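Peer 1: Pasting a structure here, questions to come.
The values are calculated or read from the model by the stated rules, or taken from the named source; none is laboratory data. Values in this document were obtained by computation on a predicted structure and should not be read as measured data. For neighbour counting, all protein chains shown are included, and Cβ atoms are generated from backbone atoms with ideal geometry for every residue, glycine included. For the accessible areas, the whole protein counts, side chains as well, though only heavy atoms, and no ligand, DNA or RNA atoms are used. Shrake-Rupley method; radii C 1.70, N 1.55, O 1.52, S 1.80 Å.
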Amino acid sequence: MINTAILTISDKGSKGKREDLSGPQIIEFLTEFDGEKKYYDIIPDEVEIIKNSLIKLSKRKDIDLILTTGGTGLAKRDVTPEATRAIMEKEVPGIVEMIRRETAKITKKAALSRAKAVIKNDTLIINLPGSPKAVIECLEIIKDILPHGIQILKGEVTQHS
Ligand code: MTE
């Protein structure tokens, strides 16, 4: 079981001006990697708000994984990677490298996401792009490695099989 927080990062979504489809899409996908929803919220594209949310959630003992969606692109208001980088203890570049490399086979626009994967307070934080289609494409790539990664992070597995 991977206890998961889902954070949709969207100015319009947080004001109720756009229905969030990506957050619910992630929640639906959780069963694919034995994930359990522990938290879900929509917050605006504000660095300080994103940082505070990530720090608060990473401190929770009942959350092992935070999946964000949105704000990873090239627009002025896209600041999710900067907020994630600002609070990180360690970077996990292989996760986002693999996502970009593999999903670029579906759409070359995958290269337009600046998503980060990092560790904070023994919690894995992964940025996903904002579209419902993109979140599924990206999660499909990493669903198999998430359980082992989380087990190692939590110190539950010390030897590699
Ligand atoms: N990655 C995948 N796998 N599939 C996609 O459709 N969309 C791209 C990219 N990553 C996409 C993707 C596009 S069009 C953009 S602009 C960036 O993600 C950033 O999206 P965001 O700003 O909503 O986070």
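Peer 1: How high is the FRET efficiency between Ile152 and Thr107 when r is their beta carbon distance and R₀ equals 30 Å, given to the nearest 0.05? Write out the running numbers ahead of the final one.
Peer 2: Values: r = 31 Å, r/R0 = 1.03.
Given R0 = 30 Å and the Cβ-Cβ separation, E is 0.45.
Peer 1: Using the crude model of +1 on Lys and Arg Cβ and -1 on Asp and Glu Cβ, and no other charge, please compute the dipole size for region 1-113 relative to its Cα centre, in debye to 20.
Peer 2: On the way: 20 positive and 19 negative charges, 68 e Å.
About 320 debye.
Peer 1: Would you calculate a helix-derived [θ] at 222 nm for the chain, using -39,500 (n - 2.57) for each DSSP H run of n ≥ 4 and dividing by the full residue count, to the nearest 500? All intermediate terms of the calculation are to be shown ahead of the outcome.
Peer 2: Numbers: 7 runs with 63 residues, N = 161.
After summing the helix terms and dividing by the residues of the chain, the value is -11000 deg cm²/dmol.
Peer 1: A further question follows. Between their Cα atoms, which of Lys59/Lys143; Lys56/Lys120; Lys12/Lys76; Lys59/Lys154 are more than 18 Å away from each other? Don't jump to the answer; show the numbers that get you there.
Peer 2: Details: Lys59/Lys143 23 Å; Lys56/Lys120 10 Å; Lys12/Lys76 15 Å; Lys59/Lys154 13 Å.
Among Lys59/Lys143; Lys56/Lys120; Lys12/Lys76; Lys59/Lys154, the Cα-Cα distance tops 18 Å for Lys59/Lys143.
Peer 1: Using Cα-Cα distances under 8 Å and only pairs 6 or more residues apart, what relative contact order does the chain have, in percent?
Peer 2: Values: 305 pairs, mean separation 41.8, N = 161.
Rounded, it is 26 percent for the chain.
Peer 1: To one decimal place, what Kirkwood hydrodynamic radius in Å is obtained for region 1-92 from all pairs of distinct Cα atoms? The partial results should precede the final answer.
Peer 2: On the way: mean 1/r = 0.0742 Å⁻¹.
Averaging 1/r across every pair of different Cα atoms and inverting gives 13.5 Å.
Peer 1: If I model a spin label at Thr31 and Glu97 as a point 7 Å from the Cα along the Cα→Cβ vector, what separation in nanometres do I get?
Peer 2: It works out to 3.5 nm between the two label points.
Peer 1: Using the heavy atoms of the protein chains and a 1.4 angstrom probe, tell me the accessible area per residue for region 2-154 in square angstrom.
Peer 2: Values: 7610 Å² over 153 residues.
Result: 50 Å² of accessible area for each residue.
Peer 1: Expressed as a whole percentage, what fraction of the accessible surface of the chain belongs to carbon and sulfur atoms when a 1.4 Å probe is rolled over the protein heavy atoms? Working shown, then result.
Peer 2: Values: 4380 of 8500 Å².
Ligands and nucleic acids excluded, carbon and sulfur reach 52 percent.
Peer 1: Can you divide the C-alpha Rg of region 70-148 by 2.2 N^0.38 Å and report the result to two decimal places? Please list the in-between numbers first.
Peer 2: Working: Rg = 12.0 Å, N = 79, 2.2 N^0.38 = 11.6 Å.
Cα Rg divided by the expected 2.2 N^0.38 Å: 1.04.
Peer 1: Check cross-link reach from Lys133 to the aspartates and glutamates: straight Cα distance under 17 Å, and skip same-chain residues fewer than eight apart.
Peer 2: Partners found: Glu19, Asp20, Glu28, Glu32, Glu102.
Peer 1: What percentages make up the Cα-Cα pair-distance distribution of region 19-161 when the bins are 5 Å wide from 0?
Peer 2: Pair shares across the bins are 2, 10, 20, 24, 24, 14, 5, 1, 0.
Peer 1: Distance between the C-alpha centers of region 97-161 and region 47-66? Whole Å please.
Peer 2: When both Cα centres are located, 17 Å separates them.
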